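First the structure, in the form of structure tokens, and then the observations on it.
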Amino acid sequence: MIPAGLALFAATMALVGAALFSGAALYVSLVEHPARLVLDDEPLLVEWKPSYERGARLQAPLALLVTLFGVVAYFGSYDWRWLLGAGLMLANWPYTLLVIMPTNKRLLALEPSAANQELRPLMHVWGRLHAVRTGLGAAATVVFLWVILL
């Protein structure tokens with residue numbers, strides 16, 4: 001068992017981090033991505049590339065930190081729900097690498113000036129795939145709330 005103060009800190013940070021992750025993902029899913037889809041092909045891709053890279057730099061480490069905090073919180077109480085929330089956050093990594101990354105690579109390989117008929121369908125696929133990340137973050141947030149409140 002770890003000290004109560006550390007467990008409380010880890011529990012708080014797990015919840016806050018999961019909420020931040022899912023909030024950022026929800027913003028992308030409901031606001032940013034639909035807004036970029038109204039752009040013409042070239043500006044759409046020009047906007048998506050740096051947005052994707054910046055988002056990845058934010059969300060990838062955040063998912064790992066939340067996972068770590070969830071595991072530490074587990075060792076403060078041995079409540080399995082902390083591991084469930086941590087597992088949901090960690091699931092973003094293999095999901096992104098195995099499911100989303102092929103689409104990301106295809107989009108990153110496209111040159112904005114040479115965007116073709118492949119772009120829009122790929123962007124719609126990307127939006128649906130990204131929504132799953134939003135769901136994983138939201139599910140982790142709900143689980144962390146569950147263990148804290150009940």
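The values are calculated or read from the model by the stated rules, or taken from the named source; none is laboratory data. Not measured: the values here are computed from a predicted model. Here Cβ is always computed from backbone atoms with ideal geometry, including for glycine, and neighbour counts include all displayed protein chains.
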Discussion item. Looking at (1) surrounded by fewer than 17 Cβ atoms within 10 Å (Cβ to Cβ); (2) among the small types (G, A, S); (3) in contact (Cβ under 8 Å) with a residue 60 or more places away in the chain, which one does A109 not meet, given that it meets all the others?
Written reply: (3)
Fill in: Residue within segment 75-85 that is among the hydroxyl-bearing types (S, T, Y), exposed (fewer than 15 other Cβ atoms within 10 Å of the Cβ), farther than 11 Å from A18 by Cα and at pLDDT below 95 present
no
Item to complete: State whether one or more residues within segment 72-95 are more than 29 Å from I148 (Cα to Cα) and part of a loop (DSSP other than H, G, I, E, B).
Response: no
Worksheet item: Can you name every residue in segment 29-45 that is in contact (Cβ under 8 Å) with a residue 24 or more places away in the chain, surrounded by fewer than 16 Cβ atoms within 10 Å (Cβ to Cβ) and among the aliphatic types (A, V, I, L, M)?
Response: L37
Response to the item:
Going through segment 16-28 in order, the residues found to be exposed (fewer than 15 other Cβ atoms within 10 Å of the Cβ) and under 10 Å from the mean Cα position of the chain (by Cα) are G23
Item to complete: Considering only segment 34-48, state which residues are under 17 Å from S113 (Cα atoms), part of a helix (DSSP H, G or I) and aliphatic (A, V, I, L, M).
Response: L44, L45, V46
Discussion item. Looking at (1) closer than 30 Å to T12 by Cβ; (2) of a type in the set (K, R); (3) more than 18 Å from the chain's Cα centre (by Cα), which one does R133 not meet, given that it meets all the others?
Written reply: (3)
